[in-house]
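The values are calculated or read from the model by the stated rules, or taken from the named source; none is laboratory data. Note that this is a predicted model, so its numbers are computed, not measured. FYI the Cβ positions are ideal-geometry reconstructions off the backbone, even for glycines, and counts take in every protein chain you see.
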């Protein structure tokens with residue numbers, strides 16, 4: 001018996017296997033009450049979520065492996081007047097410049113997801129700078145402005161990557177709500193998984209070309225809106241000004257005592 005799998009499902013499966021083999025260190029999916037221990041006290045962390053009493057959340061999409069569903073996603077977001085953040089890999093920008101422009105013209109935030117989608121914790125600082133600057137140049141060449149946010153491929157990072165990203169003037173972003181859409185979950189399963197994990201200041205991870213994201217997206221948005229959540233871009237969600245990041249990867253505004 002032969003089993004036929006869609007190309008996108010195979011690609012996401014390969015990504016998952018690579019992560020498992022290399023033993024990526026990441027906080028993964030967290031909540032405001034999770035305590036994460038670290039063996040190095042000065043560990044540099046990206047932003048996983050934001051401390052806020054307002055029911056604000058950010059919907060994000062990583063784009064690396066295809067563009068078949070991109071316009072459908074744009075249309076669904078437009079229907080609900082929701083703005084999202086799209087983290088684009090440089091080679092995706094090379095292949096799909098018209099989709100990049102369409103995302104930007106629709107009012108969505110564009111961030112970088114690296115240039116080559118490699119495990120960046122294994123790269124030198126100079127290699128990191130070269131990779132990220134290349135991706136920034138490609139995106140800027142299409143949309144005419146510089147990106148502000150970065151998401152590391154595979155959720156993989158170390159101190160060198162995070163500190164270098166911030167030196168380049170970007171904010172490194174992870175997620176606190178993982179849709180696991182790359183696993184081939186059904187639309188109903190995706191809706192249930194994401195909506196059951198919603199929390200103020202949360203950042204939702206999706207992929208623009210996962211198998212059932214178009215099927216699930218409207219249901220996720222409708223549930224969130226019906227329960228009083230407001231969707232913002234990542235740059236609108238994160239703290240504008242002095243901040244600190246706790247051991248959970250939660251960003252807090254720094255206030256004077």
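Figures for the structure shown
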| read-out | value |
| --- | --- |
| Which numbered condition residue 103 misses (of (1) within 16 Å of the chain's Cα centre (by Cα); (2) farther than 26 Å from residue 202 by Cβ; (3) part of a helix (DSSP H, G or I)) | (2) |
| Long-range neighbours under 7 Å by Cβ, at least six apart or interchain, first residue more than 11 Å from residue 49 (Cβ to Cβ) within segment 184-203, second modelled with pLDDT under 95 and not in a loop (DSSP other than H, G, I, E, B) | 184/9 |
| Close pairs from segment 148-159: first over 21 Å from residue 84 (Cβ atoms), partner in a strand (DSSP E or B), Cβ under 9 Å, at least 6 apart | 157/172 |
| Strands (runs of 3 or more DSSP E) within segment 157-257 that include 1 or more residues over 15 Å from the mean Cα position of the chain (by Cα) and surrounded by 22 or more Cβ atoms within 10 Å (Cβ to Cβ) | 250-253 |
| Residue 42 vs. criteria modelled with pLDDT of 50 or more, crowded, with 17+ Cβ neighbours inside 10 Å and either touching a helix residue (DSSP H, G or I) at 6+ places or on another chain (Cβ under 9 Å) or under 13 Å from residue 207 (Cβ atoms) (or both) | no |
| Residue in segment 231-241 that is in contact with a helix residue (DSSP H, G or I) (Cβ under 9 Å, 6 or more places away or on another chain) and within 30 Å of residue 126 (Cα to Cα) present | no |
| Residues of segment 226-257 that turn out to be under 26 Å from residue 72 (Cα atoms) and in contact with a strand residue (DSSP E or B) (Cβ under 8 Å, 6 or more places away or on another chain), as a count | 9 |
| Any hit, segment 111-119, residues being farther than 20 Å from residue 214 by Cα and assigned to a helix (DSSP H, G or I) | no |
| Only listed residue being crowded, with 16+ Cβ neighbours inside 10 Å and closer than 19 Å to residue 95 by Cα, chosen from 137, 131 | 131 |
| Candidates 51, 26, filtered to the one that is at pLDDT 95 or above, surrounded by 14 or more Cβ atoms within 10 Å (Cβ to Cβ) and under 26 Å from residue 244 (Cα atoms) | 51 |
| Residue ID - surrounded by the fewest Cβ atoms within 10 Å (Cβ to Cβ), chosen from residues in segment 75-115 that are free of Cβ contacts under 8 Å to residues at least 24 places away in the same chain and farther than 23 Å from residue 222 by Cα | 105 |
| Selection status of residue 94, out of contact with any helix residue (DSSP H, G or I) (no Cβ under 9 Å at 6 or more places or on another chain) and not in a loop (DSSP other than H, G, I, E, B) | no |
| Positions within segment 60-74 being surrounded by fewer than 20 Cβ atoms within 10 Å (Cβ to Cβ) and without any contact (Cβ under 8 Å) to a residue 40 or more places away in the chain, in sequence order | 71 |
